[in-house]
Amino acid sequence: MRVKVSEVMTHKVASVNGATPFKDVAEMLIAHGISAVPVVDAGDHVIGVVSEADLLHKEEFKEQFYREGYRQPLRARLRHRLAQEKGRGRDKARGETAAELMTSPAVTVRSQSAVVYAMRLMDEHGVKRLPVVDEHGTLEGVVSRQDLLKVFLRSDAAITEEIEKDVLGHSLWVDTSRVKVAVHRGVVTLTGRMDRRSEAEIAARMALRVNGVIDVVDEVQWNEDDTTAWTSR
């Protein structure tokens, strides 16, 4: 029931090493239309990340971006201002290489992690891209917010099959033979009948957790309302 990062990530990615000059890093971000680039060592292990915010401490990078009509998102500008207030901006303003400019340690994610975990990492750290690494920290790819949105592009047929096989067929351990699944543009409608109300509600909640599901319309009827006994205690 979980889409993994490996299923949506970009495998061929741009990276730099610690000795890469400032201007080369800046040109790479602009040329590839990306907000950050991983910094790797000789063994391709991720040692940091250089982002737009890191480079914006230098005036020449600002000018190059603004000349092309670029404006950073508000969150990135606020992080940049906070770093200046704490004094970190002065150090990075003097940096000339990726190693001197990068943020380290890098926030990374494993390829076998669920996309939901990657989403939480991005939100927690205020970033739009995460380097994907193996168990040794070696770069395998990059996952971006745009990549994570791919889970909502799953076909209705794929969603239907997963709910029928994984949710109703294996996860509930109750009779679901009378339950029918219909999916239209990511919205799931469950119909039919089950023995207990609690089991029908669990089925609906589990269907909602399937990647790509936008909403669940629960129209399943039940023979026994066993939830009243719980609420009365």
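The values are calculated or read from the model by the stated rules, or taken from the named source; none is laboratory data. Since we're looking at a predicted model, the values are computed, not measured. Here the Cβ is made from the backbone with ideal geometry for all residues, glycine too, and neighbour counts use every protein chain on show. Heads up: the accessible areas ignore ligands, DNA and RNA and are worked out on the full protein's heavy atoms, side chains in. Shrake-Rupley method; radii C 1.70, N 1.55, O 1.52, S 1.80 Å.
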>> Restricting to the stretch 32-49, count the residues that are within 18 Å of GLN146 (Cα to Cα) and either open to solvent by less than 10 Å² (accessible area, probe 1.4 Å) or part of a helix (DSSP H, G or I) (or both).
In response: 3
> In the list VAL143, VAL183, which residue meets the criterion of being aliphatic (A, V, I, L, M), assigned to a strand (DSSP E or B) and under 30 Å from GLY33 (Cα atoms)?
Replying inline: VAL143
> Which one is farthest from GLN221 (Cα to Cα), of the residues in the stretch 170-206 that are open to solvent by 30 Å² or more (accessible area, probe 1.4 Å) and β-branched (Val, Ile, Thr)?
Replying inline: VAL187
> Which of the residues spanning the stretch 212-228 are free of Cβ contacts under 8 Å to residues at least 40 places away in the same chain and not aliphatic (A, V, I, L, M)?
Replying inline: ASP215, ASP218, GLU219, GLN221, TRP222, ASN223, GLU224, ASP225, ASP226, THR227, THR228
> modelled with pLDDT of 90 or more and either of a type in the set (Asp, Glu) or surrounded by 13 or more Cβ atoms within 10 Å (Cβ to Cβ) (or both) - does that describe any residue in the stretch 50-70?
Replying inline: yes
> Somewhere in the stretch 222-233, is a residue in contact with a strand residue (DSSP E or B) (Cβ under 6 Å, 6 or more places away or on another chain), in a loop (DSSP other than H, G, I, E, B), over 30 Å from ALA106 (Cβ atoms) and charged (D, E, K, R)?
Replying inline: yes
> Out of curiosity, is ARG209 open to solvent by 50 Å² or more (accessible area, probe 1.4 Å) and in contact (Cβ under 8 Å) with a residue 24 or more places away in the chain?
Replying inline: yes
>> From the list VAL167, VAL116, exactly one residue is at pLDDT below 95, among the aliphatic types (A, V, I, L, M) and surrounded by fewer than 16 Cβ atoms within 10 Å (Cβ to Cβ). Which is it?
In response: VAL116
> Are any residues in the stretch 146-180 more than 22 Å from the chain's Cα centre (by Cα) and in a loop (DSSP other than H, G, I, E, B), and if so, which ones?
Replying inline: LEU172, TRP173, VAL174, ASP175, THR176, SER177, ARG178
> Only one residue in ASP225, ASP218 is surrounded by fewer than 14 Cβ atoms within 10 Å (Cβ to Cβ) and touching a helix residue (DSSP H, G or I) at 6+ places or on another chain (Cβ under 6 Å), so which one is that?
Replying inline: ASP225
> Are any residues in the stretch 7-31 within 20 Å of the chain's Cα centre (by Cα) and open to solvent by 40 Å² or more (accessible area, probe 1.4 Å), and if so, which ones?
Replying inline: GLU7, THR10, HIS11, LYS12, VAL13, SER15
> Among the residues of the stretch 119-135, which ones are modelled with pLDDT of 90 or more, under 17 Å from VAL13 (Cβ atoms) and either open to solvent by 20 Å² or more (accessible area, probe 1.4 Å) or not aliphatic (A, V, I, L, M) (or both)?
Replying inline: ARG129, PRO131, ASP134
